[in-house]
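Notes to accompany the following structure.
All of the numbers you see were taken from the coordinates with simple rules; none came from a lab. Since the model is a prediction, treat every value here as computed from it, not as a measurement. No Cβ is skipped: glycine too gets one built from the backbone with ideal geometry, and neighbour counts run over all protein chains shown.
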Amino acid sequence: MSHHATLETPGSSYVKEVLAHTVARNAGEPEFHQAVQEVLESLALVFDRRPEYRTARILERMLEPERVIMFRVPWQDDQGQAQVNRGFRIEMNSALGPYKGGLRFHASVNLGILKFLAFEQVLKNSLTTLTMGGGKGGSDFDPKGKSDNEVMRFCQSFMTELSRHIGPNTDVPAGDIGVGGREIGYLFGQYKRLRNEFTGVLTGKGLNWGGSLIRPEATGYGAVYFAAEMVATRGETLAGKACIVSGSGNVAQYTIEKLLDLDAKPVSISDSNGFIYDESGIDREKLKFIFKLKNERRGRVKEYADHFKGAVYTPFDSLLDHNPLWSLKAECAFPSATQNEINATDAQNLLKSGVYVISEGANMPTTLDAVKLFLDAGILYAPGKAANAGGVATSGLEMMQNSMRMSWTREEVDKRLHDIMKAIHKSCADTATAFGTPGNYVNGANIAGFLKVADAMMDQGLV
């Protein structure tokens, strides 16, 4: 037997068994299988020490949503044609509080993707130190290229069904890919009209009607705060470090803004067509252009290269087995676009080009093989459920402000966000060490998130 072979422990064989069972009974949901496998590999360490969780079937219960709601969303387009989409809400786990998690409007949305997101959300919300359960929802409706009126009619139809399943103490959705301030506004208006109550049922609301300062910025800011905590463990700061950022939506935009606050040098953004590389760095003036381009004109990042000399635009080539964005020279990477945007080839390219700090703004942007490469390389790698938890944490702060019918200042919310990210970092780092894998933030995040939910489920009986 080679010294590489690991001995089966009762924990690891139990985890293998649960994984095989989960894959078999959730056919055709590869993203869900992937999310579960990533978490279960960390949890083998827990079941060796805490057999009572196995007896209580905590894991099997956590992998089964408490409720899955699927519904038809009929709406009329500007030509007067009837359109039909599919709506979802997955209420995954309420052991720690009301279900909380985003709504995603994107053509790729299906049951498996939302189950992976809901499962991640349970652990992520547990890490935030706030009392929130986990859920996720959305639709295969694509807001790209739709008029404001079409988006409004869709949102009103979607909320007409969703409204009977959610509430400020039951399930509090938020935005995600394809659901920004505009969509949240239309959704909230319809909920209020149907229920005749003004409550904090959605987060990400407009500032003058119950929203929280810093909420739009929170996911990006949080990912950068987490990266800053990681490099501090090596006695470094982010100042002067070149940073690759993918995506150009809310998360990417505010990741860049916070990187500039900390004197780092963001050098890229991307969208589904391609990416720009700006070797001299994206500064405040260029970031302003990105805000306008993406949030007002809803244009493509290619225009950035037309506008700023020295920036190079590279269209994505669907024939490539990797993304050339991840071959840029840098010290830090902030994947902020979507799931599985970094595969094993990309991971090798990142390591080759000198990247040793990775903080995930997106949810599960890295494939299992790629995660393995990062962990083996011993770099500072923060999985999304820890690094991007600032977004949902600030949604939790928005819920608190709504409950008290008051709003805090920008400084106060930002300080609370910063403190929460520091607490998440500490919890992940301490837990990784306690379970014998110091520096492994994947184990730290998975185990710390799991323990809190598991203990609450133990206390609440077989429900």
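Of the DSSP beta bridges with both residues in the stretch 68-173, give the percent that are antiparallel, rounding to the nearest 5.
Of those bridges, close to 75 percent are antiparallel.
Specify which residue in the list Gln401, Asn340, Leu130 is farthest towards the positive end of the charge dipole of the chain, using unit charges on the beta carbon of Lys, Arg (+1) and Asp, Glu (-1), about the Cα centre.
Of the candidates, Gln401 comes out farthest on the positive side.
Give me the one-decimal nm value for the distance between modelled label points at Met458 and Thr9, 7 Å along each residue's Cα-to-Cβ direction.
Between Met458 and Thr9, the label points sit 1.6 nm apart.
GluC sites (Glu not before Pro) within the stretch 174-250: which are DSSP loop residues with at most 11 other Cβ atoms inside 10 Å?
Sparse-neighbourhood loop GluC sites (Glu not before Pro): Glu197.
Set the Förster distance to 35 Å, then compute FRET efficiency between Leu368 and Asn208 from the Cβ-Cβ distance, nearest 0.05.
Here the calculated transfer efficiency is 0.20.
Go ahead and collect, in residue order, the members of the stretch 63-77 whose backbone nitrogen is under 14 Å from a label point 7 Å along the Cα-Cβ direction of Arg164.
69-73
Say each of Arg72 and Glu17 gets a label point 7 Å from the Cα, pointing the same way as Cα to Cβ; how far apart are those two points in nm?
Roughly 4.4 nm, to one decimal.
List, largest first, the extents of the alpha carbons of the stretch 173-304 along their principal axes, each in whole Å.
Dimensions of the stretch 173-304 along the principal axes of its Cα atoms: 52, 37, 22 Å.
For the stretch 218-387, go through all pairs of different Cα atoms, get the mean of 1/r, take its inverse, and jot down that Kirkwood value in Å.
15.6 Å
Taking the alpha-carbon distance from Lys372 and a cut-off under 22 Å, which lysines remain once sequence neighbours fewer than 8 residues away in the same chain are dropped?
Lys16, Lys124, Lys329, Lys352, Lys385
Please get the size of the charge dipole for the chain, origin at its Cα centre, with Cβ charges of +1 on Lys and Arg and -1 on Asp and Glu, quoted in debye to the nearest 20.
940 debye
Calculate the length of the line joining the C-alpha centroid of the stretch 56-89 to that of the stretch 154-173, in whole Å.
11 Å
Would you kindly state how much longer the chain becomes between Phe291 and Asp148 on full extension, computed as 0.36 nm times their sequence separation minus their alpha carbon distance, in nm to one decimal?
49.6 nm
Just name one of Ile379, Asn349, Phe291: the one whose Cα is farthest towards the positive end of the charge dipole of the stretch 218-387 (beta-carbon charges, Lys/Arg +1, Asp/Glu -1).
Phe291
If pairing requires two Cys Cβ atoms under 4.7 Å apart, which cysteines of the chain are left without a partner?
Flagged as lacking a Cys partner: Cys155, Cys428.
Can you list, bin by bin at 10 Å, the percent of alpha carbon pairs in the stretch 10-62, starting at 0?
25, 58, 17, 1
Check which residues have an amide H placed less than 5 Å from Ser212's amide H, if you skip close sequence neighbours.
Gly204, Lys205
For all pairs of alpha-carbon atoms in the chain, what percent lies in each bin of width 20 Å, listed from the first bin to the last filled one?
All Cα pairs considered, the percentages come to 25, 59, 15, 0.
Evaluate the charge dipole of the stretch 218-387 about its Cα centre and quote only its size in Debye, nearest 20, assuming +1 on the Cβ of each Lys and Arg and -1 on the Cβ of each Asp and Glu.
The dipole magnitude comes to about 340 debye.
Reachable lysines from Lys415, Cα under 18 Å, same-chain residues fewer than 8 places away excluded?
Here the lysines satisfying the reach criterion relative to Lys415 are Lys258, Lys426.
For the stretch 257-328, run through the trypsin sites (Lys or Arg not before Pro) and keep only the ones in DSSP coil with at most 12 other Cβ atoms within 10 Å of their Cβ.
Here the trypsin sites (Lys or Arg not before Pro) that fit, given the DSSP loop and packing criteria, are Arg297, Arg298, Lys309.
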